[in-house]
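Visitor: Below is one structure. I have some questions about it.
The values are calculated or read from the model by the stated rules, or taken from the named source; none is laboratory data. From a predicted model like this one, the values you see are computed outputs, not experimental measurements. Heads up, the Cβs are rebuilt from the backbone with ideal geometry, glycines too, and the neighbour counts pull from every protein chain shown. Surface accessibility is based on the protein's heavy atoms, side chains included, excluding ligands, DNA and RNA. Shrake-Rupley method; radii C 1.70, N 1.55, O 1.52, S 1.80 Å.
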Amino acid sequence: MGAYDSGRGGKGSYATGCYAAYVIILLVFISIGLFYMFSGRGSEFDVGWVLESISSYTWACVGIAIAISFSVLGAAWGMFITGASIVGAGVKAPRIKTKNLVSVIFCEAVAIYGIIIAIILVQNIDDTTPEDWLDNYNTYIFNGYCLFFAGLLTGMCNLACGICVGIVGSGAALADAQNGELFVRILVIEIFGSAIGLFGVIIAVLLGNNRKISSS
Amino acid sequence: MALSALAPAYSPFFGCMGAASAIIFSSLGAAYGTAKSGVGISAMAIMKPDLIMKSIIPVVMAGILAIYGLVVAALIIGKIGAAPGYTLFDSFCHFSAGLSVGICGIAAGFAIGIVGDAGVRATAQQPRLFVGMILILIFGEVLGLYGFIVGVMLHLKVQS
């Protein structure tokens, strides 16, 4: 046992490590700000300058990446949670395997939500000329933020939705293995879970539709 | 390029972050509530299948939290715009509105999920506990409602 116990800490050391990391990062920012302030250059510690100087294309593209990647992560997470339960319960009750594929399809739908929003957001970005950029500076900055947050909220809502649908699908498979009539009723809970991802899609379309950063 | 101190070019950032926070955090709370209660309902359903439809109540209440976030996010998106029409005051009001409804939603979702899970399992064994479970769930839901009220009040401060 001693050979495999490679420096693993005690119980809760992962949580303590995370907490320590957050506190250290926060203290770094605070101390950098204090150094600026006490040397008389407080106005140079400028959050607004950072937000404006990061290119709108950066905001938009990172938002699109988060939309698709976190949605797919949520879908995959849900799929493995429910899939493991389906095949596990199916050992003694193989009749459940075809009906419980519906749970896996609900998880797939979460990934489809993500790709739909990512494609909608991608249509908004294109090349701009320098004159066009100066003319519409405020609008393009605003559009960059909108695309970023539309993508971020899609990714996060679909991550939550995918895991939720996976957990409920796992419960449905296990109940179905015991009693075949229970699956359809527990499916109602999965539909409520799926609605969460749909709310994210609605808000992302409201926020990210037609926010163009392009000259054409 | 900042046009004024009241409405610099970066002012929509916090408004958009408010809209995103509203829906993200309340969805996380709703997902937790749905999943946790769903596990309890699946376990309970094996012994008492006829109680499933009554036990969907925690799941519905968790879904309502997501609707609170949806409403506040939609209200905020209706009012955001580019500088200079959208000042820092508007932006930070919307940021606060989104955080209020979002973080209250995630807290309420945790409460509804854990109470729903324990409640449906207990109600299957002792039917007289159903009313008690509903009362505790309502108190949990009201926490999300408080965040929604504060979010809407902050949103109404923005006139444009």
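Visitor: To the nearest 10 degrees, how steep is helix A:182-208 against the longest Cα principal axis of chain A, on a 0 to 90 scale?
Guide: Result, in degrees: 10.
Visitor: Of the heavy-atom accessible surface of the protein assembly as shown (probe 1.4 angstrom), what whole percent is carbon and sulfur? All intermediate terms of the calculation are to be shown ahead of the outcome.
Guide: Details: 12980 of 17790 Å².
Accessible surface attributable to carbon and sulfur in the protein assembly as shown totals 73 percent.
Visitor: Check cross-link reach from B:LYS157 to the lysines: straight Cα distance under 27 Å, and skip same-chain residues fewer than eight apart.
Guide: B:LYS79
Visitor: Work out the FRET efficiency for B:LYS157 and A:GLU131 from their Cβ-Cβ distance, taking R0 = 30 Å, and round it to the nearest 0.05. Provide the component values of the computation, followed by the final result.
Guide: Values: r = 38 Å, r/R0 = 1.26.
Efficiency, rounded to the nearest 0.05: 0.20.
Visitor: Would you mind telling me which residue in A:ILE105, A:ILE32, A:ILE141 has the biggest mean-square fluctuation in a Gaussian network model of chain A, where springs connect alpha carbons within a distance under 10 angstrom?
Guide: Checking each option, the largest mean-square fluctuation is seen for A:ILE32.
Visitor: Also, quick follow-up: Relative contact order for chain A: what is it in percent, counting Cα pairs under 8 Å that are at least 6 residues apart?
Guide: On the way: 289 pairs, mean separation 64.9, N = 216.
Relative contact order for chain A comes out at 30 percent.
Visitor: Relative to the longest principal axis of the C-alpha atoms of chain B, give the angle of the C-alpha long axis of helix B:88-125, reported between 0 and 90° and rounded to the nearest 10°.
Guide: So the inclination is approximately 0 degrees.
Visitor: Let me ask something else about it. List the residues of region A:126-150 that lose 20 Å² or more of accessible area once all protein chains are present, compared with their chain alone (1.4 Å probe, heavy atoms only, no ligands or nucleic acids).
Guide: Listed in order, they are A:LEU134, A:TYR137, A:ASN138, A:PHE142, A:TYR145, A:PHE149.
Visitor: In square angstrom, what is the accessible area per residue of region A:11-76 with a 1.4 angstrom probe? Show your work: numbers first, answer last.
Guide: Values: 4540 Å² over 66 residues.
That works out to 69 Å² for each residue.
Visitor: Show that you can apply the helix-only estimate: for chain A, add -39,500 (n - 2.57) for every DSSP H stretch of four or more residues, divide by all residues, and state [θ] at 222 nm to the nearest 500.
Guide: -27000 deg cm²/dmol
Visitor: Okay, next question. What lysines could a cross-link reach from B:LYS36, if we take a straight Cα to Cα line under 28 Å and drop same-chain neighbours fewer than 8 places away?
Guide: A:LYS11, A:LYS92, A:LYS97, A:LYS99, B:LYS48, B:LYS54
Visitor: A:LEU27 versus A:VAL87, label points 7 Å from Cα toward the beta carbon: distance in nm?
Guide: A separation of 4.6 nm, rounded to one decimal place.
Visitor: Right, here's the next one. For region B:1-138, report the accessible area per residue in Å² (1.4 Å probe, heavy atoms, rounded to an integer).
Guide: 37
Visitor: Just checking the output field for A:176-184: average partner chain Cβ neighbours within 10 Å of each residue's Cβ? Mind showing how you got there, number by number?
Guide: Values: counts 3, 1, 5, 4, 0, 3, 6, 2, 1.
Partner Cβ neighbours, averaged per residue: 3.
Visitor: Can you grab the distance from the C-alpha centre of region B:42-76 to the C-alpha centre of region A:123-167, Å, no decimals?
Guide: Measuring centre to centre over Cα atoms gives 30 Å.
Visitor: Same structure, new question: Relative to the longest principal Cα axis of chain B, at what angle does helix B:57-79 sit, 0 to 90 degrees, rounded to 10?
Guide: With rounding to tens, the tilt is 10 degrees.
Visitor: Fully extended, how many nm does the chain gain between A:TYR19 and A:PHE45 (0.36 nm per residue separation, minus their Cα-Cα distance)? Mind showing how you got there, number by number?
Guide: Working: separation 26, 0.36 × 26 = 9.36 nm, distance 2.56 nm.
Stretched fully, the A:TYR19-A:PHE45 segment lengthens by 6.8 nm.
Visitor: Am I reading the B/A interface right? What is its buried accessible area, both sides, 1.4 Å probe, to the nearest 100 Å²? Mind dumping the intermediate values first?
Guide: Values: alone 8270 and 13100 Å², together 17790 Å².
Buried area between the two chains comes out at roughly 3600 Å².
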